[in-house]
Each structure stands twice: as structure tokens, then as C-alpha cells.
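One structure is given here, and the rest of the page talks about it.
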Amino acid sequence: MRHYSCDVCKRPINTQADVRHVVKIEVFAAVEDEGEACQACCGDRSDEADHLEEMQELLERLDDHDCAGLLDEGTVSMRFDLCDACRQRFLRNPLGAKTAKHFNFSQN
Ligand SMILES: [Zn+2]
């Protein structure tokens, strides 16, 4: 049997008695539609007349505009195990912003 511990309070999670909650966070760069430059490598432009010139242009653009690379390498995935108490705290304040005065990790 695997042993888990809460990534926030480090308390061991007994999976037979407690529920283990998993938080998955993905951080990636949002690719906005910036018009022609992005459509060149991401969009479908098959209706263009001059395909050869189009291909040449596209290849040149791919060299200095690595849109696909940005999508792959820019993504950071994180995964955390949380006990039930920390799960509730997390849901109240997912980004850990210190605006809420009642948000307190100390035991009382
Ligand atoms: Zn915890």
C-alpha cells in the first residue's frame, strides 16, 4: 500500500480512513489570436491560391516564430496531494492570496 502525505501540512494521509484529494495545476502561456503571424503556423489557410509561395513563407515563419514550441515547453504541470482540511482551505483561497484575514494555516 502506498503512503501519502499532505503536501500542505505534511500530515500523513491514511487512505483507508481519510480521503486523499489531488490538486492538479497547469500553468501555460495563453496563445491569443494575434492575426496573420499566428495563423501562419496554427491556422488553416488552405484556401490561399499560391500554395508554393505560401509554404515557403510558412517555413520561414516557423523558423523564428516557434508557436508549437511555446505550447509544449511553456506548460508546467503540478500535482499535489491534500488532506481534507487542506483541501477546504485550498478551495477557499486557491492562489494563496493574503487578502482574507480568516485564512490561517496555524492550528487553533
Ligand atoms: Zn493537510
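Here, each number is a calculation from the coordinates, and none is a lab measurement. Predicted model, so just to flag it, every value in this text is computed and none were measured. A quick note on method: Cβ atoms are made from the backbone with ideal geometry, for glycine too, and the neighbour counts reach across all protein chains shown.
Observations, loosely collected:
- Calculated FRET efficiency for the pair Ala85/Glu32, C-beta based, R₀ 41 Å, to 0.05: 0.60
- Relative packing of peptides 79-90, 7-18 - highest average C-beta neighbours within 10 Å first: 79-90, 7-18
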